[in-house]
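Below is one structure; the comments refer to it alone.
Read-outs throughout are calculated quantities, based only on the coordinates presented, and are distinct from any laboratory measurement. Note that the structure is predicted; figures quoted are calculated from it, not measured. When we count neighbours, we look across all protein chains shown, and the Cβ atoms used for this are built from the backbone with ideal geometry, even at glycine.
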């Protein structure tokens, strides 16, 4: 199952350059890297990245994350994937721009 991480452009570029990351500022503050499932991703974008341009959507295979990936309750009690270790660029399946079109982030067709 693919899980998704949304990064701002500078966070994505830093991840690409370093080959690993502890995540975005919210991840550092919370002590884990936040991910979303496909059905959760649009709500995550709307809630935490409203009107933000220059975003990237990164896809990872949940089964490859090992025991460091925990499914924990979050918004409305839904289980969200949280990673309790550094994220490795080598784990990336794909990265695609997440454009803002008429105030709404447009997700790749394979997720809709």
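Summary of computed values
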read-out	value
Cα gyration tensor category, rounded, prolate or oblate, for the stretch 43-86 with a/c compared to 1.5	oblate
Shape of the stretch 65-108, Cα gyration tensor, a/c cut at 1.5	oblate
Ascending count of other beta-carbon atoms within 10 Å, so fewest first, for 111, 1, 65	1, 111, 65
Helical contribution to [θ] at 222 nm, DSSP H n ≥ 4, -39,500 (n - 2.57), averaged over the chain, rounded to 500	-7000 deg cm²/dmol
Mean separation of Cα contacts under 8 Å, 6 or more apart, over the residue count of the chain: relative contact order %	34 percent
Relative packing of 40-46, 92-98, 67-73, which averages over residues the other C-beta atoms within 10 Å, highest first	40-46, 92-98, 67-73
Footprinting exposure proxy for 74, 36 (fewest neighbouring C-beta atoms within 10 Å first)	74, 36
Cα-based equivalent ellipsoid of the chain: semi-axis lengths in Å, sorted from largest, via gyration tensor	20, 17, 14
